[in-house]
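Structure, as structure tokens:
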Amino acid sequence: GSTCLDPLKKAIKEFNAEIGFSFDGDADRVIGIDSEENILDGDHILFLWGRELMRCKKLKNNLLISTEMANLGFENAWNEIGGVLIRTSVGDKFIHEEIIKRKADLGGEQSGHILSKINNFSGDGILTAIQIAKYCKDKNIVLKEWLESSFKAFPQKLTNIKLSNNDQVFKNLLEKNINQYIQEKIEKISEPCRIFARNSGTEPVLRILVEAKNKNLMEDLSIQISKSVEDLIRN
């Protein structure tokens, strides 16, 4: 998949390259890395590409469309430069629906699935890679320099908790209860953080995403929320 970066890192070193791209099987997703192995994921692609379009006044309403998985550091940095981020449920089909609804120009997922007006919203990872390389060439910079101007991501952890019961009613009730607990938890925390829980659409697991500016807080919250879910499952 696009997140299997070891062969790409090896090639970057072997050829002393400035930029590399990794694709999944059907090449709709792309992840980039620079000469120092810093990762250009979908959030960074959206931020950097969106910022270029914003500067050229080619981004309608300064709007980006992403999902609930988008990093909070990305959202905060985008808001700080006058941008607006709309989150959807996970899945490129939801992003596409929101893009059409809002007549947006750019959207995508952290996983590297990018939908852009320039590429006719095709979700083609190779075309996305070409656009990124083109921006670097036009700006006469290497990817490492461009990435250094991007946002600082919040530490983020995704935990998958297996569910013994695959009944949809049970899964929906569990998701509702845990998100209610999360809301109560978040209201008591003064530091910037975000917690999101959702049922997987492909396997019997509950996915829990925890992120915070403070890494120790992120780790603590991840443990607490995971334990709460396991207690709810047992009871």
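Of everything in segment 75-112 that's among the aliphatic types (A, V, I, L, M) and touching a strand residue (DSSP E or B) at 6+ places or on another chain (Cβ under 9 Å), which residue is modelled with the lowest pLDDT?
The selected residue is 90.
Looking at (1) at pLDDT 95 or above; (2) more than 15 Å from residue 146 (Cβ to Cβ); (3) open to solvent by 10 Å² or more (accessible area, probe 1.4 Å); (4) touching a Ser or Thr at 6+ places or on another chain (Cβ under 7 Å), find the lone condition where residue 44 falls short.
Unmet for residue 44, out of (1) at pLDDT 95 or above; (2) more than 15 Å from residue 146 (Cβ to Cβ); (3) open to solvent by 10 Å² or more (accessible area, probe 1.4 Å); (4) touching a Ser or Thr at 6+ places or on another chain (Cβ under 7 Å): (2).
Taking residue 88 as meeting all but one of (1) of a type in the set (S, T, N, Q); (2) open to solvent by less than 50 Å² (accessible area, probe 1.4 Å); (3) more than 24 Å from residue 73 (Cα to Cα), write down the number of the exception.
(3)
Filter segment 181-230 down to residues that are assigned to a loop (DSSP other than H, G, I, E, B), in contact (Cβ under 8 Å) with a residue 12 or more places away in the chain and within 17 Å of residue 154 (Cβ to Cβ) and give me whichever is most open to solvent (accessible area, probe 1.4 Å).
The extreme case among them is 213.
Scan segment 91-112 for residues that are open to solvent by 10 Å² or more (accessible area, probe 1.4 Å) and either under 18 Å from the mean Cα position of the chain (by Cα) or at positive phi (or both) and jot them down.
91, 92, 93, 94, 96, 97, 98, 103, 105, 109, 110, 111
Can you tell me which residues in segment 94-112 are assigned to a helix (DSSP H, G or I) and within 11 Å of residue 66 (Cα to Cα)?
Matches in segment 94-112: 94, 95, 96, 98, 99.
The values are calculated or read from the model by the stated rules, or taken from the named source; none is laboratory data. Here the structure is a predicted model, which is why all the values come from computation and not from measurement. Virtual Cβ from ideal backbone geometry, glycine too; neighbours counted across all protein chains shown. Heavy atoms of the whole protein, side chains included, go into the accessibility calculation; ligands, DNA and RNA do not. Shrake-Rupley method; radii C 1.70, N 1.55, O 1.52, S 1.80 Å.
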